[in-house]
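Input: a single structure, listed below in structure tokens.
The values are calculated or read from the model by the stated rules, or taken from the named source; none is laboratory data. In this text the structure is predicted, and so the values were computed from the model without any measurement. Positions of Cβ are backbone-derived with ideal geometry, glycine not excepted, and every protein chain shown enters the neighbour counts.
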Amino acid sequence: MSSCVLSLAAPAAAQFWQCAPYAREISGIQIRGNANTWWAQAAGRYERGRTPKAGSVLAFEPTRRMRVGHVAMVSRVVGERELLLTHANWSRRGGIERDVRAVDVSAANDWSQVKVWYGPQGGLGTSSYPTSGFIHSGEAPKAAEFPSVRMASVGGTVGVRAFVDERF
């Protein structure tokens, strides 16, 4: 019985995060289910589009390697083809990363194909990912409130800060 009580007393930072519940918590977008269902579920409930805004959620399409897609909140728009994302379960299983670089690599400059900073490589890596677009919450992002994490340096990459949860 005491082990049950101890597990209930564990801090929120000790939680194993999946991308969808974490994106819901920090963006205010109240969509449930796997990431690959968010774009369709947002239709008629939230504004959707191809232009990033801070606080919006970028919906990644499923791929062979990401069968249930991925969702990540836009922390900040840096430029026309660059932004910072806050998301969970990307570079480290269950871990959280804040303000990681994402770059639009689509031929049409419409954010339909992106590269995202990947911790183990310390950069954007070689893979690019298809996206459906941005789901706009209409609220300010809450990322600063969830949970406390430590800043990890990213060697050789200027202007990128990766925040990685140290639990894993």
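For A35, the conditions (1) at pLDDT below 95; (2) in contact with a Gly (Cβ under 7 Å, 6 or more places away or on another chain) all hold with the exception of (1).
Looking only at the range 110-127, decide whether some residue is touching a helix residue (DSSP H, G or I) at 6+ places or on another chain (Cβ under 8 Å) and either modelled with pLDDT of 95 or more or among the hydrophobic types (A, V, I, L, M, F, W, C) (or both). No, that holds for no residue. Residues that are closer than 21 Å to P120 by Cα, modelled with pLDDT of 95 or more, in contact with a strand residue (DSSP E or B) (Cβ under 8 Å, 6 or more places away or on another chain) and not hydrophobic (A, V, I, L, M, F, W, C) do occur in the range 77-85, at least one of them. Among residues belonging to the range 128-154 that are in a strand (DSSP E or B) and more than 25 Å from G49 (Cβ to Cβ), point out the one that is modelled with the lowest pLDDT. Once the filter is applied, the top-ranked residue is M151. The set of residues from the range 110-140 being out of contact with any strand residue (DSSP E or B) (no Cβ under 9 Å at 6 or more places or on another chain) and under 23 Å from Y46 (Cα atoms) comprises E139, A140.
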